[in-house]
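Participant: Pasting a structure below so you can have a look.
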Amino acid sequence: SNYIDFVSNSFPSNGLEFLDGDTIVSPGSKDATTDAVGSIITAIDGVIEKKYKNAFCAVRPPGHHAEKDKAMGFCIYNNVAVGATYLIEKFKYKKVAIIDFDVHHGNGTQDIFYDNEKVLYISTHQFPYYPGSGSDNEKGKYNNVFNLPLEAGTTSEQYLNAYEYVLKKLKEFKPEFILFSAGFDAHKNDPLAQLKLETEDFYIITQRTLQLAKEYCNGKVVSILEGGYDLNALRDSTKRHVDALIEFN
């Protein structure tokens, strides 16, 4: 609550303010951050109440770098962590999986759940790269963190082969609910990284994950937008991710 108070008092009435070296807020940030978190709560409620089959939250700002009491890397509140905590505290879920396919490691999400056996955090990301965390020896207190670091230049085929390890880990965990931290900056055209994924890869990994979701958690999935810095690649990749969500039955 102290951090929320700090952030609330940081929103300027005009101009820009820095929360850290690369996280900037403007007068519109208050509504944006509130709407982002609120959309995730609404999406989770809707999926559990069977109003929605699944959901995609097209939020800004992203969240996976934000820690419990610290903004970082364009992120103010950790949206996916709020969602997982809500599932555990309100609905008493004991197995929530977070799959983070943003090209950057979600240091904040990992840190928040590092010693929480109810959350499995899985990340595929370029490594070594910003923010510096995410080596495969970071495993969580209960072996509940699974990092899959990928070298710059990793191709579509290599990535899809590696993603089989993600699915294997999911099968072992048997999640009751799955959250995606859906970043699309691993696309080959993204200017902030050097992985070489194709637009269609985001459809494929979503589809493969949903097949497991159907088996283990009746398809209960909420996806939350993270990074993506080439607008055309972001648009096209997000569309294919959402196509897979819509088509799933």
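Participant: In debye to the nearest 20, how big a dipole does the range 113-249 give about its Cα centre with +1 on each Lys and Arg Cβ and -1 on each Asp and Glu Cβ?
Facilitator: Around 380 debye, computed over the range 113-249.
Participant: Largest first and in whole Å, what are the equivalent-ellipsoid semi-axes of the range 1-68 based on the Cα gyration tensor, each being the root of 5 times an eigenvalue?
Facilitator: Taking √(5λ) for each Cα gyration eigenvalue gives 27, 12, 11 Å.
Participant: Using r as the Cβ-Cβ distance of L160 and Y114, and R0 as 41 Å, what FRET efficiency do you calculate, to the nearest 0.05?
Facilitator: Calculated value: 0.90.
Participant: Which shape class applies to the range 97-215: rounded if a/c is under 1.5, otherwise prolate when a/b exceeds b/c and oblate if not, where a ≥ b ≥ c are the square roots of the Cα gyration tensor eigenvalues?
Facilitator: oblate
Participant: Along the positive direction of the dipole of the chain (beta-carbon charges: Lys, Arg +1; Asp, Glu -1; about the Cα centre), which of N143, L87, N189 reaches farthest?
Facilitator: Towards the positive end, the residue furthest out is L87.
Participant: For the range 217-236 and the range 1-64, compute the distance between their C-alpha centroids and round to whole Å.
Facilitator: 16
Participant: Sticking with this structure for a sec: Pairs of Cα atoms under 8 Å, at least six residues apart: use those to get the relative contact order of the chain, whole percent.
Facilitator: After rounding, I find 18 percent.
Participant: Okay, next question. Which entry in (i) 48, 41, 35; (ii) 52, 42, 32; (iii) 60, 60, 35 matches Cα extents along the principal axes in Å derived from the coordinates of this structure?
Facilitator: Only one option fits the structure, namely (i).
Participant: Right, next: Taking the Cα centre of the range 2-247 as origin, work out the dipole magnitude from +1 charges on Lys and Arg Cβ and -1 charges on Asp and Glu Cβ, in debye rounded to 20.
Facilitator: Here the range 2-247 has a charge dipole of around 960 debye.
Participant: Moving on. Put +1 on the Cβ of each Lys and Arg and -1 on the Cβ of each Asp and Glu in the chain; which of M72, Y216, L19 then has its Cα farthest toward the positive end of the dipole?
Facilitator: So the residue furthest toward the plus end is Y216.
Participant: Same structure again: Would you kindly state how much longer the chain becomes between S10 and I41 on full extension, computed as 0.36 nm times their sequence separation minus their alpha carbon distance, in nm to one decimal?
Facilitator: Going from the current span to full extension adds 8.8 nm.
Participant: Rounded to the nearest 0.05, what FRET efficiency is calculated for E200 and E49 with R0 set to 35 Å and r the Cβ-Cβ distance?
Facilitator: The pair E200/E49 has a calculated efficiency of 0.60.
Participant: Here's something else I'd like to know. Output wanted: per-residue J couplings in Hz (rounded whole) for the range 133-141, from phi through Karplus 6.51 cos²θ - 1.76 cosθ + 1.60, θ = phi - 60°, x for Gly and Pro.
Facilitator: Values per residue, Gly and Pro as x: 8, x, 6, 6, 8, 8, 10, x, 4 Hz.
Participant: Can you tally the net charge around P149? Count Lys and Arg as +1, Asp and Glu as -1, for every other residue whose Cβ sits under 11 Å from the Cβ of P149.
Facilitator: Net local charge, P149 excluded: -3.
Participant: How much net charge surrounds K70 when only other residues with a Cβ under 12 Å from its Cβ are counted (Lys, Arg +1; Asp, Glu -1)?
Facilitator: My count for the surroundings of K70 gives -3.
Participant: While we're on this one: Which value in deg cm²/dmol, rounded to the nearest 500, describes the helix-derived mean residue ellipticity at 222 nm for the chain, given -39,500 (n - 2.57) per DSSP H run of n ≥ 4 and division by the residue count?
Facilitator: After summing the helix terms and dividing by the residues of the chain, the value is -13000 deg cm²/dmol.
Participant: For the range 134-191, give the magnitude of the charge dipole about the Cα centre (Cβ charges: +1 Lys/Arg, -1 Asp/Glu; no others), in debye to the nearest 20.
Facilitator: In total the dipole reaches around 300 debye.
Here, each number is a calculation from the coordinates, and none is a lab measurement. This one's a predicted model, so the numbers in the text were calculated from it and none came from an experiment. Glycine gets a Cβ as well: all are built from the backbone with ideal geometry, and neighbour counts include every protein chain shown.
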